[in-house]
1. So which pairs qualify, if the first residue must be in the range 28-43 and under 22 Å from Tyr15 (Cα atoms), the second must be part of a loop (DSSP other than H, G, I, E, B), the Cβ gap must be under 8 Å, and the two must be at least 6 apart or on different chains?
2. Residues of the range 10-19 being without any contact (Cβ under 8 Å) to a residue 12 or more places away in the chain and either assigned to a loop (DSSP other than H, G, I, E, B) or among the small types (Gly, Ala, Ser) (or both), which ones?
Amino acid sequence: MAHCPTCKKETVQKYRPFCSKRCADIDLGQWMSGGYALPSEEPLGEHEVEQVIQHAQETLINDGNDTLH
């Protein structure tokens, strides 16, 4: 049987690969807080960062407009 990557207990099918919702949430929190990161060969340049920010802002504005209809 596989073991939970968070606490090492046996996994439960419902929360696989974790043993519980708590361990799944702990893992999600690690991803959301930057505790885990995928390696990158080169960091984004200033121009790429500006493009990402602009795209995110446009997406938020568009999503906000969609909810008003």
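1. Partner pairs satisfying both residue conditions: Gly29/Gly35; Gln30/Tyr36.
2. Let us first name the residues in the range 10-19 that are without any contact (Cβ under 8 Å) to a residue 12 or more places away in the chain, namely 10-15.
Residues satisfying the conditions are Thr11, Val12.
For (1) assigned to a loop (DSSP other than H, G, I, E, B); (2) surrounded by 11 or more Cβ atoms within 10 Å (Cβ to Cβ); (3) touching a helix residue (DSSP H, G or I) at 6+ places or on another chain (Cβ under 8 Å), each residue gets a yes or a no:
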{"position": "Cys7", "(1), (2), (3)": "yes, yes, yes"}
{"position": "Cys23", "(1), (2), (3)": "no, yes, yes"}
{"position": "Ile26", "(1), (2), (3)": "no, yes, no"}
{"position": "Gly34", "(1), (2), (3)": "yes, no, no"}
{"position": "Ala37", "(1), (2), (3)": "yes, no, no"}
{"position": "Glu41", "(1), (2), (3)": "yes, no, no"}
{"position": "Leu44", "(1), (2), (3)": "yes, yes, yes"}
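Bear in mind that the values in this text are calculations on the coordinates, not laboratory data. Keep in mind that what you see is a predicted model, and the values were worked out from it rather than measured. Backbone-built Cβ (ideal geometry, glycine too); neighbour counts: all protein chains shown.
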